Amino acid sequence: MSSIKIEIIIPIYYNDKTPIEDENFNLIYDTIKEKFSGVNVEVSNIKSQWLDQTTKKYIRDVNRRLWVICEDTEQNRNYFKSLKDPIEKILRQKEILMFITPIELIGHINS
């Protein structure tokens, strides 16, 4: 079975620039961890800048990266697609960046 890496770029500030509370991050992490028995989070700052298509102004964000490796199934892909809107609501964002990358696993700890 092939595998995929699903990444979610998570802002650390709400759109009004107030810090997002740890409880909201933990809610997202715990939800994914329960489904996949694990989740990876990089807490180093990722600085982003992007053009808001509505206002035509550049937005600067500070983010962290959340990722999980799982089997490449329609069920797993649909799970993350269905998670996008709830995460945007929890973090009060217009949109968050999520993407899937096919990967080839070289070995497992349990192999």
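Entry remark, the range 64-81: residues being closer than 20 Å to ILE46 by Cα and among the hydrophobic types (A, V, I, L, M, F, W, C) number 3 in total. Give me the residue from the range 11-44 that is in contact with a helix residue (DSSP H, G or I) (Cβ under 7 Å, 6 or more places away or on another chain) and not in a loop (DSSP other than H, G, I, E, B) and, out of that set, least open to solvent (accessible area, probe 1.4 Å). Within the range 11-44, the match that is least open to solvent (accessible area, probe 1.4 Å) is ILE28.
Restrict the check to the range 45-53 and report whether at least one residue is open to solvent by 100 Å² or more (accessible area, probe 1.4 Å), of a type outside the set (Phe, Trp, Tyr) and at pLDDT below 90. The answer is yes; a qualifying residue exists. In the range 58-91, what count of residues is obtained for those that are in contact with an Asp or Glu (Cβ under 8 Å, 6 or more places away or on another chain) and either in contact (Cβ under 8 Å) with a residue 60 or more places away in the chain or open to solvent by 80 Å² or more (accessible area, probe 1.4 Å) (or both)? Counting residues in the range 58-91 that are in contact with an Asp or Glu (Cβ under 8 Å, 6 or more places away or on another chain) and either in contact (Cβ under 8 Å) with a residue 60 or more places away in the chain or open to solvent by 80 Å² or more (accessible area, probe 1.4 Å) (or both) gives 2. I'd like to know if the range 59-68 contains one or more residues that are touching a helix residue (DSSP H, G or I) at 6+ places or on another chain (Cβ under 6 Å), at pLDDT 95 or above and closer than 18 Å to ILE4 by Cα. Checking the range 59-68: at least one residue is touching a helix residue (DSSP H, G or I) at 6+ places or on another chain (Cβ under 6 Å), at pLDDT 95 or above and closer than 18 Å to ILE4 by Cα.
For the range 85-104, the set of residues classified as more than 18 Å from ASP61 (Cα to Cα) and either in contact with a Leu (Cβ under 8 Å, 6 or more places away or on another chain) or assigned to a helix (DSSP H, G or I) (or both) consists of ASP85, PRO86, listed by residue number.
The values are calculated or read from the model by the stated rules, or taken from the named source; none is laboratory data. Everything numeric here is computed off the predicted structure, so don't read it as measured data. We place every Cβ from the backbone using ideal geometry, glycine too, and count neighbours over all the protein chains shown. Each accessible area value is taken on the protein alone, full model and side chains, heavy atoms only, with ligands, DNA and RNA left out. Shrake-Rupley method; radii C 1.70, N 1.55, O 1.52, S 1.80 Å.
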